[in-house]
Amino acid sequence: MHQLPPAPRSMGIFNNYVATGPETLMLKEKIMSLSGDSFDIKLASGQPIFKIAGRHMTASGRKSVYDCSGNHLFDIIKEHFHLHKTYAAEDARGNVFLTVKSSMT
């Protein structure tokens, strides 16, 4: 796997989650979740970082991201009517602050 060079300066929206070096994140899906789309994100050491709660039967596939204290950070939604798969992150007021699109390559 190719590793990107470090950014010249720290960047991020949530300063508590800016890493100073490479980090390995592990996703563990909650198989018995009623939504079927909830999971935890942990560091390789096992330290929990985020909890993701999927919403049951939503057209947008909305997932809410929480910190370990249960504070809502943002939502991830799938945007429709795009040529490529497109996901957006929305803050609590519904403002999009991040968009990720797939490519054809």
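The criterion of being over 19 Å from residue 29 (Cα atoms) and of a type in the set (Lys, Arg) holds for residue 85. Being in a loop (DSSP other than H, G, I, E, B) and under 20 Å from residue 37 (Cβ atoms) is the filter here, so list the residues in segment 72-91 that pass it. Scanning segment 72-91 gives 80, 85. The residue pairs whose first member lies in segment 1-26 and is closer than 24 Å to residue 46 by Cα, whose second member is among the hydrophobic types (A, V, I, L, M, F, W, C) and surrounded by 10 or more Cβ atoms within 10 Å (Cβ to Cβ), and whose beta carbons are closer than 6 Å, counting only pairs six or more residues apart or on different chains, are 12/18; 25/41. Just one of the listed residues (60, 102) is in contact with a Ser or Thr (Cβ under 8 Å, 6 or more places away or on another chain) and modelled with pLDDT under 90, namely 102. Using the structure shown, decide if residue 73 is in contact (Cβ under 8 Å) with a residue 24 or more places away in the chain and either closer than 20 Å to residue 17 by Cβ or surrounded by fewer than 10 Cβ atoms within 10 Å (Cβ to Cβ) (or both). It is true that residue 73 is in contact (Cβ under 8 Å) with a residue 24 or more places away in the chain and either closer than 20 Å to residue 17 by Cβ or surrounded by fewer than 10 Cβ atoms within 10 Å (Cβ to Cβ) (or both). Considering (1) of a type in the set (Phe, Trp, Tyr); (2) modelled with pLDDT of 85 or more; (3) over 29 Å from residue 3 (Cβ atoms), the lone condition that residue 66 does not fulfil carries the number (3).
The values are calculated or read from the model by the stated rules, or taken from the named source; none is laboratory data. Only a predicted model underlies this, so the values are computations on that prediction, with no experimental measurement involved. Heads up, the Cβs are rebuilt from the backbone with ideal geometry, glycines too, and the neighbour counts pull from every protein chain shown.
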